[in-house]
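Encoded as C-alpha cells, the structure appears first; notes follow it.
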Amino acid sequence: MKIKVITVVLVFIGFTGLFWISTSAHSHTGSKTISVAPDTSIHWDKMDRSERMAYMKQVVFPTMKPLFAAFDPKKFGNMKCITCHGNGALDDSYKMPNPQIWKLPRTKEGWAKADTNYMNFMRTTVKVKMADLLGLHPYDKDHKDGFGCGNCHTDEQ
Ligand code: HEC
Ligand code: HEC
C-alpha cells in the first residue's frame, strides 16, 4: 500500500518536473523564435541563415510539399529539401538557383517544348505561393526584381 502511494507521488513529481522543463525550455528560446506564420510580413531578405533555415523547415517545406505532391503524387509524394536544392542540400550551402533541375530555355522554340501542365503549375502555384511565403513580390513586367522562375531554375547555356 505504502509503496503504491510513494510510486504515485514519484510519478507525479516526475511529470510535473518534465512539464516544468518543457515549459521553461520553451520560454527560454521563445524570445529568439522567429515568427513562422506564413504571411507577407515575413522579411526574407533580412533573415539570417539560421532564421532562414528554421523558416524553410517549419513553413516553406510543409506548405510546398503538399502542393507538389497533389500535382504529381508519384514524383513528389516523397519530396525533400533536395528536390529544390539539389546538391545544395547535401553540401549544406542550400544555394539557389539549382543548376540540377530543368533549365529555363533561351529561345521561343525551347519554351514551346516545355511541359504545359508543369508550366501552369509553376506559374500559377509554385511561383506565386513561394513568393508569398518569402514575403516577396512575384516576378512580372512591373516587378523585374520580384521572385520568379530564375530563383529556382538556372538559364540554359
Ligand atoms: C519548393 C522548393 C524548396 C524546397 C522544397 C526547400 N527550399 Fe529552401 N529555398 C528555396 C528557395 C527558392 C530559396 C532561395 C530564396 C531566395 O531566392 O532567396 C531557398 C533558400 C533556402 C535557404 C537559404 C539559403 C541562403 O543562401 O540564404 C536555406 C538555409 C534553405 N532554403 C533550407 C531548406 C531546407 C532545410 C529545406 C527542407 C526542409 C528546404 N530549404 C526546402 C526553395 C525550397
Ligand atoms: C520554388 C522553386 C521553383 C520555382 C519558383 C519554379 N520552379 Fe519550376 N520546378 C521546380 C522544381 C523543384 C521542379 C521539379 C524538378 C525535377 O524534378 O527535376 C520544377 C520543374 C519545372 C518544369 C518541368 C521540367 C520537366 O521535368 O519537364 C518546368 C517546365 C518548370 N519547372 C518551369 C518553371 C517556370 C516557367 C517557372 C516560373 C514561372 C518555374 N518553373 C518556377 C522548382 C521551381
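Rule-based calculations on the coordinates, nothing more; no lab input. Quick caveat: nothing in here was measured; it's all calculated off a predicted structure. Counting neighbours? That spans all protein chains shown, and the Cβs are built from the backbone with ideal geometry, glycine included.
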HN-Hα J in Hz across the stretch 45-58 - Karplus 6.51, -1.76, 1.60, θ = phi - 60°, x for Gly and Pro: 4, 9, 6, 7, 4, 5, 5, 5, 4, 5, 5, 4, 5, 8
Rotationally averaged projected area of the stretch 85-157 (alpha carbon convex hull; nm²): 5.6 nm²
Inter-label distance, nm, simple model (7 Å from Cα along the C-beta direction), D140/W111: 1.6 nm
The stretch 115-131 - phi-based ³J(HN,Hα) in whole Hz, Karplus 6.51/-1.76/1.60, Gly and Pro as x: 4, 5, 4, 4, 4, 5, 4, 5, 5, 8, 10, 5, 4, 5, 5, 5, 4
Amide H contacts of Y139 (H built 1.01 Å from N, under 5 Å, at least 5 apart or other chain): F147, G148
Computed lengthening from D155 to N87, 0.36 nm per intervening residue step minus Cα-Cα distance: 22.7 nm
